[in-house]
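Visitor: Here it is: the structure, laid out below.
The values are calculated or read from the model by the stated rules, or taken from the named source; none is laboratory data. Bear in mind that the values here come from a model prediction, so they are computed numbers and not experimental data. Every residue, glycine among them, receives a Cβ derived from its backbone with ideal geometry; neighbour counts consider all protein chains shown.
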Amino acid sequence: MKKRLLSILLACAMVVGLTACGGGATTETAPEAATEETAPETATTESGDETPLVVGYAPFSSKFSPFFAESAYDQDAQTMTQVALLASDRQGAIIYKGIEGETINYNGTDYTYYGIADLTVTENEDGTVYYDFKLRDDVKFSDGEALTADDVIFSMYVLSDPTYDGSSTLFALPIEGMEEYRAGIDIRWKLIAAAGNAGYEATDFYTEEQYNNFWNAFNETGEAFAQEIVDYCLANYASYGATDVATSAALWGFDGLAADATAADFFAAIAEKYAYDIKAMDAETAGMAFSATVLEKAGEKDMTEAVQTGESAPSITGIQKIDDYNVRVVMTEVDATAIYQFTLFVAPLHYYGSDELFDVANNSFGFPKGDLSLVRAKTTQPMGAGPYKFVKFENGVINFVANENYFLGAPKTKYMNFLETQEADKLNGAITGTIDITDPSFDKDTVAAIQKANGGETSGSVITVSTVDNRGYGYIGMNAEVMSIGGVKDSDASKNLRKAFGTIFSVYRDVAIDSYYGELASVINYPISNTSWAAPQPTDEGYKLAFSTDVNGNDIYTSGMDDEAKYAAAKEAALGFLEAAGYTVADGKVTAAPEGGSLEYELLIPADGAGDHPSFMICTLAKEALAEIGINLIVTDLSNSSDLWSALEAGTVAIWCAAWQTTVDPDMFQIYHPEGGSNYQYDIDDEELSQLILDARATTDQAFRKLMYKECLDIIIDWAVEVPVYQRQNAIIFATERVNMETVTPDITTFYPWWSEIQNIELN
């Protein structure tokens, strides 16, 4: 979660990802064809066919696996080598007829899209749904082996394995037999943790040595884990009363420790809260990877091994091989989000798994169930049927060479390098000749530098710029429980408290975003990216400006108001909300807070300690406005962004600024449903909202889903846990003198990036 949140923060800081998408042997070497090639290291001294296309990237983590890549940059790298089961068009819609191609109009132009498969979806009278995939019979992996149904099934089984811990959630779909397949199997460390620390009792699930190794590592790491949290609180929250272990623990949400409590006592409280689940306990970290440290000390291979604890089905009955080029997946019910899970990469069984272990008739699917070591062994050396073959990664450069077997045709540029590049060097590299394509932070200063290089033009003879709306948005969040009256997060009083702040924040959005971005971003009024088909439009019935009505439901602003009049009206409306929340208001100012309320709240903003953030001006102006009506808003500018995520995970943050990176499908479960993995930030729990989210998942009628999502958005605004702020633009820049712009993907969009037709790109 922390890594995902960090990537969200990077989006907030305008680090634009060159996001890609796409599609084994039993040895750990790279594909044979790749090891025979040597790509040129730079583009500055080569010419002709030997010149590589150089793409400037942020640093990589070497997890170039179609199953386990985590960072956006690693995902892009491995995607160059893969193909997806299903393709999508410029608006993110799935291509159902990939073999013959589908022609779809976009922006007045017809484009034909191809993929490796056709998909037919059949909803049956008994409620089941068939997803029938027909594969092309001419797709080959980069080593010349044919891509068949076996590779599709192998890839699905990897993503469904009880020990799989990558980012895919295919296993969560209502696929027939999935629950039975994953049942009766547990991870060894979980069994040991569940047994408790009272002493070893004989069992077939683990040895006494394994038991002792786990608990020794658990206790040894735990005290250091708790001490790190204490150190964090002492360094950052001394002004709030953090003076020792007990007071630090209290600020972290663990009240009741004795005055002389030690770090070990604090850790015991944490362990009890999370029932000794080391993965869940990572949520309390102040920077330490607790679970990873415990497993490493205890012996990761032993601890993460799957253990048979009961009955478990030998196969997933809903994943069916029809023949060598046809696969059927049977779902027990309609799930509107399912189709996007089927954009999975089709990885080569013979490379990532074992042909000898693949026998559908005997319930063997390319690897031992519960043991993904064969798959994990290839994490740093990807191979697939994508446009390029991975050669090597060293000295900050990933070398690729064209895949002659690519089903859409071998790339016209034979070599390609992904070059690790510092943010400050991206634009300069494109101007001076060391980088051909990259994604600099796109702000007013960047635009000015580009225009200077081009003699006044944004796109010109030196740099060509392509901009699209980012598939995400900036927001100001409020935790429903921390920002409440008496801890009752769903009461009218608590909602009115948050609406008071939302009203003040929202009125300063226009001036702040214009100051920071100019024309490179726009203010939004609903907590959803404008790139989504579910985003309300100004012409839609019921569309309203965010936080533009007062406590009585009347409009706060009129069409003739200037900015100063709007600011005054917002303060008056905020006082109305605060009074309704139980605050004492006299002479245009709050004089007392109700029981369980406060006259002071803190806002955290990761602005590098220098105010460098799109929402920083909103925060400073809101602080002044709130002070005028008797509320003290403490604006804390964090120089270390990880401090924000640590505090969010601890549930101690009242208000914060960040950005979400959204998915293609507007499903809201992850963020706004009580069981969603990111809901802890807002702590929103609304029965009507939760049911709407589930209902929207249960239909494929897009028009009906849009209506339900509009209701969801209205409820979220009513809870006032999120103030939508801005939709910014992403920019990809091309070195005009070196890249033949006539060969670059036309009409680049959020869902159809520059690399979508990478096989056609040529250098001048």
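Visitor: Which ones in the stretch 720-736 are modelled with pLDDT of 95 or more and surrounded by fewer than 22 Cβ atoms within 10 Å (Cβ to Cβ)?
Guide: 736
Visitor: When you go through 250, 313, 289, 298 one by one, which is the residue that is of a type in the set (A, V, I, L, M, F, W, C), more than 30 Å from residue 124 (Cα to Cα) and in contact with a Phe, Trp or Tyr (Cβ under 6 Å, 6 or more places away or on another chain)?
Guide: That would be 298, the only listed residue that is of a type in the set (A, V, I, L, M, F, W, C), more than 30 Å from residue 124 (Cα to Cα) and in contact with a Phe, Trp or Tyr (Cβ under 6 Å, 6 or more places away or on another chain).
Visitor: Right, next: Taking the criterion of being surrounded by fewer than 18 Cβ atoms within 10 Å (Cβ to Cβ), among the polar types (S, T, N, Q) and out of contact with any helix residue (DSSP H, G or I) (no Cβ under 9 Å at 6 or more places or on another chain), would at least one residue in the stretch 256-277 satisfy it?
Guide: The answer is no, given that none of the residues of the stretch 256-277 is surrounded by fewer than 18 Cβ atoms within 10 Å (Cβ to Cβ), among the polar types (S, T, N, Q) and out of contact with any helix residue (DSSP H, G or I) (no Cβ under 9 Å at 6 or more places or on another chain).
Visitor: Those residues that are surrounded by fewer than 22 Cβ atoms within 10 Å (Cβ to Cβ) and on the phi < 0 side of the Ramachandran plot, I need them from the stretch 96-107; list them, please. Please lay out each step first, then the result.
Guide: Filtering the stretch 96-107 down to residues surrounded by fewer than 22 Cβ atoms within 10 Å (Cβ to Cβ) leaves 96-97, 99-107.
Across the stretch 96-107, the qualifying residues are 96, 97, 99, 100, 102, 103, 104, 105, 106.
Visitor: Moving on. Give the stretch 318-360 a look and list any residue that's assigned to a loop (DSSP other than H, G, I, E, B) and farther than 30 Å from residue 705 by Cα, or say none.
Guide: Step one: filter the stretch 318-360 for residues assigned to a loop (DSSP other than H, G, I, E, B), giving 318, 324-325, 332-337, 342-344, 346-348, 353-354.
Listed by number, the residues that qualify are 324, 325, 347, 348, 353, 354.
Visitor: Taking only the stretch 175-198 into account, find how many residues are part of a loop (DSSP other than H, G, I, E, B), loosely packed, with under 14 Cβ neighbours inside 10 Å and at pLDDT 95 or above.
Guide: 0
Visitor: While we're here: Report, by residue number, each residue of the stretch 597-623 that is under 21 Å from residue 443 (Cα atoms) and charged (D, E, K, R).
Guide: First pass over the stretch 597-623, keeping only residues under 21 Å from residue 443 (Cα atoms): 605-620.
Matches in the stretch 597-623: 608, 612.
Visitor: From the residues in the stretch 155-174 that are touching a strand residue (DSSP E or B) at 6+ places or on another chain (Cβ under 6 Å) and under 13 Å from residue 316 (Cβ atoms), which one is surrounded by the most Cβ atoms within 10 Å (Cβ to Cβ)?
Guide: From the stretch 155-174, those touching a strand residue (DSSP E or B) at 6+ places or on another chain (Cβ under 6 Å) are 156-157, 162-163, 174; that's our starting set.
If we keep only those that are under 13 Å from residue 316 (Cβ atoms) as well, we get 156-157, 162, 174.
On the way: 156: 25, 157: 23, 162: 18, 174: 16.
Only one residue fits best here, namely 156.
Visitor: Could I ask something else about it? Going by the structure shown, is residue 546 in contact with a helix residue (DSSP H, G or I) (Cβ under 6 Å, 6 or more places away or on another chain) and not in a helix (DSSP H, G or I)?
Guide: On the way: in contact with a helix residue (DSSP H, G or I) (Cβ under 6 Å, 6 or more places away or on another chain): yes; not in a helix (DSSP H, G or I): yes.
Criteria met by residue 546.
Visitor: Now for a separate question. Across the stretch 105-127, what is the number of residues that are under 30 Å from the mean Cα position of the chain (by Cα) and either farther than 16 Å from residue 86 by Cα or not hydroxyl-bearing (Ser, Thr, Tyr) (or both)? Even if it seems obvious, please write down each step before you answer.
Guide: Here is the first cut: in the stretch 105-127, the ones under 30 Å from the mean Cα position of the chain (by Cα) are 105-107, 111-121.
Narrowing the set further to residues that are either farther than 16 Å from residue 86 by Cα or not hydroxyl-bearing (Ser, Thr, Tyr) (or both) leaves 105-107, 111, 115-119, 121.
Counting residues in the stretch 105-127 that are under 30 Å from the mean Cα position of the chain (by Cα) and either farther than 16 Å from residue 86 by Cα or not hydroxyl-bearing (Ser, Thr, Tyr) (or both) gives 10.
Visitor: Something else now. Suppose the filter is at pLDDT 95 or above and either surrounded by fewer than 21 Cβ atoms within 10 Å (Cβ to Cβ) or assigned by TED's automatic domain parsing to the domain that holds residue 446 (or both); does residue 508 pass it?
Guide: So residue 508 fails the test.
Visitor: Please specify each residue of the stretch 678-709 satisfying the condition of being assigned to a helix (DSSP H, G or I), of a type in the set (D, E, K, R) and modelled with pLDDT of 95 or more. Before you say what the answer is, go through the steps one by one.
Guide: Filtering the stretch 678-709 down to residues assigned to a helix (DSSP H, G or I) leaves 679-681, 687-697, 702-709.
Those still in the list that are of a type in the set (D, E, K, R) too: 687-688, 695, 697, 705-706.
Within the stretch 678-709, 687, 688 meet the criteria.
Visitor: With 647, 607, 593, 573 as the choices, which residue is under 30 Å from residue 249 (Cα atoms), in contact with a Ser or Thr (Cβ under 9 Å, 6 or more places away or on another chain) and crowded, with 21+ Cβ neighbours inside 10 Å?
Guide: None of the others qualify; the one that does is 607.
Visitor: So, residue 710, is that one surrounded by fewer than 22 Cβ atoms within 10 Å (Cβ to Cβ) and over 30 Å from residue 114 (Cα atoms) or not? Steps first, answer last, please.
Guide: Details: surrounded by fewer than 22 Cβ atoms within 10 Å (Cβ to Cβ): yes; over 30 Å from residue 114 (Cα atoms): yes.
When the stated conditions are applied, residue 710 passes them.
Visitor: Please state which one of 110, 89, 76 is at pLDDT 75 or above and buried (at least 23 other Cβ atoms within 10 Å of the Cβ). Give the derivation first.
Guide: Numbers: 110 fails: buried (at least 23 other Cβ atoms within 10 Å of the Cβ); 89 fails: buried (at least 23 other Cβ atoms within 10 Å of the Cβ).
The conditions single out 76.
Visitor: Count, please, the residues in the stretch 305-339 that happen to be touching a Gly at 6+ places or on another chain (Cβ under 9 Å) and not aliphatic (A, V, I, L, M).
Guide: Of the residues in that region, 12 qualify.
Visitor: Could you tell me whether residue 364 is over 26 Å from the mean Cα position of the chain (by Cα), over 24 Å from residue 83 (Cβ atoms) and not basic (Lys, Arg)?
Guide: Numbers: over 26 Å from the mean Cα position of the chain (by Cα): yes; over 24 Å from residue 83 (Cβ atoms): yes; not basic (Lys, Arg): yes.
Judged against the criteria, residue 364 is a match.
Condition check ((1) buried (at least 22 other Cβ atoms within 10 Å of the Cβ); (2) more than 18 Å from residue 714 (Cβ to Cβ)) across all residues:
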position: 485; (1), (2): yes, yes
position: 488; (1), (2): no, yes
position: 491; (1), (2): no, yes
position: 501; (1), (2): yes, yes
position: 518; (1), (2): no, yes
position: 523; (1), (2): no, yes
position: 528; (1), (2): yes, no
position: 540; (1), (2): no, no
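Visitor: I've got another one for you. Name the residues in the stretch 729-764 that are of a type in the set (A, V, I, L, M) and assigned to a loop (DSSP other than H, G, I, E, B), would you? Even if it seems obvious, please write down each step before you answer.
Guide: Step one: list which residues in the stretch 729-764 are of a type in the set (A, V, I, L, M), which gives 731-733, 735, 739, 741, 744, 748, 758, 761, 763.
Those that are of a type in the set (A, V, I, L, M) and assigned to a loop (DSSP other than H, G, I, E, B): 744, 748, 761.
Visitor: Taking helices (runs of 4 or more DSSP H) that do not extend beyond the stretch 233-313, which have at least 3 residues that are under 21 Å from residue 603 (Cα atoms)?
Guide: 245-251
Visitor: Shifting gears a bit: Scan (1) surrounded by fewer than 18 Cβ atoms within 10 Å (Cβ to Cβ); (2) closer than 26 Å to residue 187 by Cβ; (3) modelled with pLDDT of 90 or more for the single condition residue 323 breaks and write down its number.
Guide: Here residue 323 meets the rest and fails (2).
Visitor: Against the definition (in contact with a Pro (Cβ under 7 Å, 6 or more places away or on another chain), under 30 Å from residue 739 (Cβ atoms) and among the aromatic types (Phe, Trp, Tyr)), how does residue 517 come out, yes or no?
Guide: On the way: in contact with a Pro (Cβ under 7 Å, 6 or more places away or on another chain): yes; under 30 Å from residue 739 (Cβ atoms): yes; among the aromatic types (Phe, Trp, Tyr): yes.
Yes.
Visitor: Also, I was wondering about something else. Got a sec? Which strands (runs of 3 or more DSSP E) wholly within the stretch 95-160 have at least 2 residues that are in contact with an Asp or Glu (Cβ under 6 Å, 6 or more places away or on another chain)? If you could, list the steps in order and put the result at the bottom.
Guide: Values: elements: 102-106, 109-113, 117-123, 129-135.
So the answer is 102-106, 129-135.
Visitor: Restricting the search to the stretch 68-87, which residues are acidic (Asp, Glu) and assigned to a loop (DSSP other than H, G, I, E, B)? Give the steps one after another, and end with the answer.
Guide: Step one: list which residues in the stretch 68-87 are acidic (Asp, Glu), which gives 70, 74, 76.
Once the filter is applied, which keeps residues that are acidic (Asp, Glu) and assigned to a loop (DSSP other than H, G, I, E, B), the stretch 68-87 yields only 70.
Visitor: So which pairs qualify, if the first residue must be in the stretch 698-721 and closer than 21 Å to residue 503 by Cβ, the second must be among the aromatic types (Phe, Trp, Tyr) and assigned to a loop (DSSP other than H, G, I, E, B), the Cβ gap must be under 6 Å, and the two must be at least 6 apart or on different chains?
Guide: Qualifying pairs under 6 Å: 713/526; 721/682.
Visitor: What pairs can you find where one residue is in the stretch 210-233 and under 19 Å from residue 272 (Cβ atoms), the other is basic (Lys, Arg) and crowded, with 17+ Cβ neighbours inside 10 Å, and their Cβ atoms are less than 9 Å apart, with a gap of 6+ or different chains?
Guide: The qualifying pairs are 214/188.
Visitor: Identify the single condition in (1) over 27 Å from the mean Cα position of the chain (by Cα); (2) closer than 22 Å to residue 406 by Cα that residue 764 does not satisfy, given that it satisfies every other one.
Guide: Failed condition: (2).
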